[in-house]
Amino acid sequence: MKILLIHNYYKRSGGEDQVFQSETELLRSSGHNVIQYTLHNDQIDMLSKAQQFRKTIWNPTSYREIEQLIIKNRPDVCHFHNTFPLISPSAYYSCQRNHVPVIQTLHNYRLICPNALLLRNERICEDCIDKLFPCPGVFHGCYRQSKSASGVVATMLGIHRLIGTWSRQVDCYIALTEFSRQKFIEGGLPDKKIVVKPNFINVDPGARANSFYALFVGRLSSEKGVALLLEAWKLIGGVPLKIVGDGPLFGFAKEYVQRNDLGLIELLGPQTSENVFSLLKQASFLVLPSVCYENFPLTIIESFSTAVPVITSRLGAPTEIVKNHQTGLLFQPGNPHDLAEKVTWAWNNREKMEEMGKNARVEYESKYTVEKNLNALEEIYEQAIIRHKARARGK
């Protein structure tokens with residue numbers, strides 16, 4: 001199959017970029033002919049605010065460039081990962097005009113929320129989820145804490161909702177969990193067009209060898225529950241914690257650890273994938289204390305693949321992925337005391353956590369391997385082609 005993969009890279013690389021690269025490698029290694037069209041958000045700094053506004057809503061350059069790629073390569077499908085902000089939804093129209101099925105992976109909640117997190121002031125917020133024009137997001141400056149920047153995003157969302165882009169120009173949406181699928185249905189996307197396919201990792205690191213500490217891996221930002229994690233550890237005694245990652249709260253975390261004399265916490269900064277797996281293979285459990293609706297954190301699959309159970313908040317998609325007392329533990333969202341209690345229990349019940357780790361490994365093998373993901377992706381492409389042809393015939 002010939003596949004055109006399309007992605008707008010972020011300034012700060014994250015899970016979406018990683019999934020795009022992993023799926024590219026997966027498809028190519030399986031014999032598919034993959035063509036890429038990518039833009040990078042570093043280019044934003046070279047644009048005026050007026051240019052940014054126009055390109056976010058409709059980028060004629062990406063429209064033409066994608067059309068040229070289609071005419072030259074004649075792909076069977078176009079699979080989008082991210083269009084925001086530079087590629088823009090204009091790219092869908094280029095594909096449909098040239099009779100190529102469109103698939104869009106829903107990595108975040110951008111289509112129903114200006115800041116893509118369904119979060120405001122570190123609390124879940126669904127004020128914009130069913131709005132034609134997401135005015136609350138503009139009023140609160142939800143995107144980059146700026147009313148003007150939020151207005152640009154809201155205008156893009158409102159215009160394309162009004163002209164039917166989201167409902168008519170995409171043949172198939174890929175949600176990462178049933179939880180997120182339901183949120184997008186609430187937000188107005190056609191339920192029959194949304195299928196569920198989880199993320200995956202393209203290497204199998206094997207099960208862990210030892211267990212010496214708790215581990216956090218992720219961006220050090222407010223939505224990831226970094227402050228909650230540190231507050232919980234202040235209540236915990238005797239449990240070592242390694243924190244992997246960088247972000248706007250790195251300085252806060254470092255100062256908090258020093259001020260509260262939390263010697264059992266070690267801030268390791270950003271690490272390579274190889275180092276992350278090495279750290280996982282010596283971890284007792286992973287802690288994921290997010291205060292937002294996580295869509296599908298790759299760290300959960302990475303933990304499961306190494307037979308490491310996960311302690312996460314009872315919030316959103318992770319509750320669908322992590323089964324309480326089977327592959328990990330769930331704690332009350334935003335409650336440092338409950339998190340501290342769960343961590344202490346896990347540290348003092350090593351045999352039960354070992355069993356949960358074995359269950360997590362089985363879960364990985366049954367759902368999140370390369371083979372499982374390839375089969376699911378190929379089936380989605382085939383169904384999108386069938387749906388696109390049926391629609392072209394007016395059925």
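The table below gives the values:
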item	result
Residue in segment 337-395 that is farthest from D204 (Cα to Cα), counting only those that are of a type in the set (G, A, S) and surrounded by fewer than 15 Cβ atoms within 10 Å (Cβ to Cβ)	G394
One residue from G141, G151 being in a loop (DSSP other than H, G, I, E, B) and within 30 Å of V226 (Cβ to Cβ)	G141
Selection count, segment 223-245, where residues are under 30 Å from W166 (Cα atoms) and either of a type outside the set (K, R) or more than 24 Å from the chain's Cα centre (by Cα) (or both)	1
Given (1) hydrophobic (A, V, I, L, M, F, W, C); (2) outside any helix (DSSP H, G or I); (3) over 25 Å from the mean Cα position of the chain (by Cα), index of the condition L330 fails	(3)
Number of positions in segment 274-322 that are part of a loop (DSSP other than H, G, I, E, B), of a type outside the set (A, V, I, L, M, F, W, C) and more than 18 Å from V370 (Cβ to Cβ)	11
Pairs where the first residue, in segment 319-337, is within 15 Å of S303 (Cα to Cα) and the second is part of a loop (DSSP other than H, G, I, E, B) and polar (S, T, N, Q), C-beta under 9 Å, 6+ apart	I321/T177; I321/T327
Conditions (1) exposed (fewer than 15 other Cβ atoms within 10 Å of the Cβ); (2) assigned to a helix (DSSP H, G or I); number of the one not met by L132	(2)
Meets criteria (surrounded by 15 or more Cβ atoms within 10 Å (Cβ to Cβ), modelled with pLDDT of 95 or more and closer than 26 Å to E378 by Cα) for D171	yes
Residues (closer than 16 Å to H81 by Cα, outside any loop (DSSP other than H, G, I, E, B) and β-branched (V, I, T)) located in segment 166-191	I174
Some residue of segment 202-215 being closer than 23 Å to R123 by Cα and aromatic (F, W, Y)	no
Members of segment 213-251 found to be closer than 23 Å to G15 by Cα and part of a helix (DSSP H, G or I), listed by number	S222, E223, K224, V226, A227, L228, L229, F250, G251
Cβ-Cβ under 6 Å pairs, at least 6 apart or on other chains, segment 163-175 side under 27 Å from I321 (Cβ atoms), far side of a type in the set (S, T, N, Q)	V170/Q104; Y173/Q104; I174/T105
Selection within segment 71-92 - of a type outside the set (A, V, I, L, M) and over 25 Å from the mean Cα position of the chain (by Cα)	K72, N73, R74, P75, D76
Matching residues in segment 253-273 - criterion: being surrounded by 13 or more Cβ atoms within 10 Å (Cβ to Cβ) and part of a strand (DSSP E or B)	I265, E266, L267, L268
Selected residue (only one of T299, T306 is in the same structural domain as G357 (by TED's automatic domain parsing) and under 13 Å from F216 (Cβ atoms))	T299
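The values are calculated or read from the model by the stated rules, or taken from the named source; none is laboratory data. If you're wondering where the values come from, they're calculated on a predicted model, not measured in any experiment. In this analysis, Cβ positions are derived from the backbone assuming ideal geometry, glycine residues included, and neighbour counts consider all displayed protein chains.
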